[in-house]
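Enquirer: First the structure, which I've put down as structure tokens, then a few questions once you've had a look.
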């Protein structure tokens with residue numbers, strides 16, 4: 001493994017564990033639904049990450065970087081979707097008054113969790129622009145750009161799977177000790193406000 005690749009590993013690790021909307025969604029789904037939902041959300045998030053990385057490796061992200069209109073359209077779509085998730089969490093916290101729920105009842109299903117994770121990530125254009133700006137810093141001019149990009153993408157993708165799965169599984173075990181209707185309602189309410197705040201931050205952020 002060359003020096004540039006080794007230098008990329010700690011950078012990717014820091015970026016992976018830095019919390020954002022993806023992490024918040026995994027935390028919310030793991031605690032308020034089930035471990036299965038959390039892991040499905042992880043799969044969806046990393047599927048979106050894979051799309052961004054492949055697009056960057058193929059040069060498609062140049063469109064987002066050079067077209068203000070395209071960037072704003074994708075950014076607004078992502079912001080609105082995150083705000084929608086926040087509203088859904090707030091609605092769920094208000095209408096559910098049960099004190100205890102089984103994991104089967106809490107689970108929303110594989111499709112829903114996969115979709116939420118995927119859309120939250122893939123509708124964030126800053127991830128694509130980030131890849132386009134970051135990956136070239138760790139690629140030598142003499143290397144095969146596509147092959148090296150795919151290698152770096154694989155490293156980051158693997159870290160994302162491992163870290164978010166660890167978060168989901170850990171929270172899944174904690175859920176048995178902190179489960180209950182009141183906790184679930186409070187967490188969903190907090191998650192709702194956080195998602196809405198993140199969505200507004202993305203929508204109001206400059207290019």
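Enquirer: With segment 15-110 as the region, which helices (runs of 4 or more DSSP H) entirely inside it contain at least 1 residues that are more than 12 Å from the chain's Cα centre (by Cα) and at pLDDT below 80? So that I can check it myself, show each step before the final result.
Expert: Working: elements: 21-32, 35-57, 61-66, 68-95, 103-106.
In segment 15-110, 35-57, 61-66, 68-95, 103-106 are the helices (runs of 4 or more DSSP H) which contain 1 or more residues that are more than 12 Å from the chain's Cα centre (by Cα) and at pLDDT below 80.
Enquirer: Could you check segment 162-175 and list, in sequence order, the residues that are modelled with pLDDT of 80 or more and surrounded by 16 or more Cβ atoms within 10 Å (Cβ to Cβ)? If you could, list the steps in order and put the result at the bottom.
Expert: Start the filter on segment 162-175 by keeping residues that are modelled with pLDDT of 80 or more, which leaves 162-174.
Listed by number, the residues that qualify are 163, 164, 165, 167, 168, 171, 172.
Enquirer: While we're on this one: Looking at (1) in a helix (DSSP H, G or I); (2) farther than 13 Å from residue 56 by Cβ; (3) without any contact (Cβ under 8 Å) to a residue 12 or more places away in the chain, find the lone condition where residue 117 falls short.
Expert: (3)
Enquirer: With the requirement that a residue be within 16 Å of residue 27 (Cα to Cα) and surrounded by fewer than 20 Cβ atoms within 10 Å (Cβ to Cβ), what does segment 120-149 give you? Outline the logic, then answer.
Expert: Taking segment 120-149 and keeping what is within 16 Å of residue 27 (Cα to Cα), we get 120-121.
Selection gives nothing.
The values are calculated or read from the model by the stated rules, or taken from the named source; none is laboratory data. Treat the numbers as computed from the prediction; the structure is a model and nothing was measured. Please note: Cβ atoms are built from the backbone with ideal geometry, for glycine as well, and neighbour counts cover all protein chains shown.
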